[in-house]
Amino acid sequence: MNDIVTLGESMVVFDPSSTGPLRHVSEFKKHMAGAESNVAIGLARLGHRAGWLSRVGDDEFGRYITGTLKSEGIDVSRVIADAGASTGVMFKERRNNRLMNVYYYRSNSAASRLCSEDVDKEWIRASRMLHVTGITPALSDSCHAAVCQAIRYAREAGVPVSFDLNLRLKLWDADKACETLLALIPECTYFLPGYSEGRLLTGIASIEDMARYFHRMGPEAVVIKDGKKGAYLYDRDGGRWIEACRVEEVADPIGAGDAFAAGFLSGVLKGQSHAEAVMLGNVLGSYAVTIKGDWEGLPDLTELECLYPVEDTVR
């Protein structure tokens, strides 16, 4: 039995070896990234059993993604190699040490063909938790249906659902995004939006009011991430800030939210309080940004012992 299962798209990433516009870059490093698989890797490194469901192209990039995840201990038994579509690709552009752009080549990718029939009911029901993000429903109508089906199976079996908002307006119309994602919030147990994307979704400026608004929609716990300020937790005990961990130098900001989700969900799976789980999420998020790569900087259990437990930062 898996502790957690998730579904979504992973892509092959080409990271430039130098800064500047891509038109002037000639060398890249290849690696893999995807919000859901990043979370799965983070949890696997912390000793949890994690599974990932998707479609990849029946191509070398698809085999690279599946092999990489398998090497990290991820259950990839439900991954489908699709001969009719290619694996998605993305390029990073580092204009300087702090400014980064990302370019996606994922239209009509294999993962965008994921559908409700691909979701294994018993695989979902046998897990301890389901994790979804707002990226997958944006890829296609069939991907949206797959996410809804997975959530339906989980709720029927009493499996908690984690939902990381991950609002990506490059992928779809803002009105459709808001309508679709708002409809998913009442179906989840744990809701993990970022402050700026939560504000886009609701128009609410106050993080405290936003948290109460989302909590009234049904989640057991709402955790709103707000960068250097930390995260604002709202559950049955009310709202409170969990301060961020100090980071001296950021090497790569991409993947911090996924690292946070992995830490938070690890805490929940271990039976920690919501506040303790948020603190663990902050630890992983801060640690991940110190190393280049979307998931490469995620710590294992041995490294985590040097980072956590941290001092009580709940206020």
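Observations on the structure shown:
- Extreme residue, nearest to His144 (Cα to Cα), among residues of the stretch 85-113 that are under 21 Å from the mean Cα position of the chain (by Cα) and hydrophobic (A, V, I, L, M, F, W, C): Ala111
- Any pair with Cβ under 9 angstrom, 6 or more apart, that starts in the stretch 4-23 at a residue that is on the phi > 0 side of the Ramachandran plot and ends at one that is part of a loop (DSSP other than H, G, I, E, B) and surrounded by fewer than 16 Cβ atoms within 10 Å (Cβ to Cβ): Gly20/Arg95; Gly20/Asn96
- Look at the stretch 166-190: where a residue is in contact (Cβ under 8 Å) with a residue 60 or more places away in the chain and over 18 Å from Tyr234 (Cα atoms) and a partner is assigned to a loop (DSSP other than H, G, I, E, B) and hydrophobic (A, V, I, L, M, F, W, C), sitting 6+ places away or on another chain with Cβ atoms under 7 Å, you get Asn166/Ile135.
- Of the residues making up the stretch 139-150, those that are of a type in the set (Gly, Ala, Ser) and buried (at least 23 other Cβ atoms within 10 Å of the Cβ) are Ala146, Ala150.
Yes/no per residue for (1) crowded, with 17+ Cβ neighbours inside 10 Å; (2) closer than 24 Å to Tyr287 by Cβ; (3) of a type in the set (Val, Ile, Thr):
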site: Met210; (1), (2), (3): yes, no, no
site: Gly230; (1), (2), (3): yes, yes, no
site: Gly238; (1), (2), (3): no, no, no
site: Trp241; (1), (2), (3): yes, yes, no
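- The one condition in (1) under 30 Å from Pro160 (Cα atoms); (2) over 14 Å from the mean Cα position of the chain (by Cα) that Val5 fails to fulfil: (2)
- Residue within the stretch 129-152 that is farther than 24 Å from Glu179 by Cβ and of a type in the set (D, E, K, R) present: no
- On the stretch given as the stretch 171-188, residues that are surrounded by 19 or more Cβ atoms within 10 Å (Cβ to Cβ) and small (Gly, Ala, Ser) total 1.
- Every condition in (1) modelled with pLDDT of 95 or more; (2) among the charged types (D, E, K, R); (3) out of contact with any His (no Cβ under 8 Å at 6 or more places or on another chain) holds for Glu36 except the one numbered (3).
- Here Lys30 passes the criteria (1) in contact with a Phe, Trp or Tyr (Cβ under 7 Å, 6 or more places away or on another chain); (2) of a type in the set (Lys, Arg); (3) without any contact (Cβ under 8 Å) to a residue 12 or more places away in the chain except the one numbered (3).
- Members of the stretch 100-138 that are hydrophobic (A, V, I, L, M, F, W, C) and over 19 Å from Val159 (Cβ atoms): Met100, Val102, Ala110, Ala111, Leu114, Cys115, Ile135, Ala138
- Conditions (1) buried (at least 16 other Cβ atoms within 10 Å of the Cβ); (2) farther than 16 Å from Met1 by Cβ; (3) modelled with pLDDT of 95 or more; number of the one not met by Ile124: (2)
- All conditions but one from (1) surrounded by fewer than 24 Cβ atoms within 10 Å (Cβ to Cβ); (2) within 19 Å of the chain's Cα centre (by Cα) apply to Ser116; the one that does not is (2).
- Total residues in the stretch 113-142 satisfying the condition of being touching a strand residue (DSSP E or B) at 6+ places or on another chain (Cβ under 9 Å) and in a helix (DSSP H, G or I): the figure is 5.
- Residue-level check: of (1) out of contact with any strand residue (DSSP E or B) (no Cβ under 7 Å at 6 or more places or on another chain); (2) buried (at least 16 other Cβ atoms within 10 Å of the Cβ); (3) at pLDDT 95 or above, Arg168 misses just (3).
- Only one of the listed residues (Val247, Val268, Val223, Val278) is among the β-branched types (Val, Ile, Thr), modelled with pLDDT under 95 and either assigned to a loop (DSSP other than H, G, I, E, B) or under 30 Å from His31 (Cα atoms) (or both). That residue is Val247.
The values are calculated or read from the model by the stated rules, or taken from the named source; none is laboratory data. As the structure is a prediction and not an experimental result, all values here were calculated from the model. Every residue, glycine among them, receives a Cβ derived from its backbone with ideal geometry; neighbour counts consider all protein chains shown.
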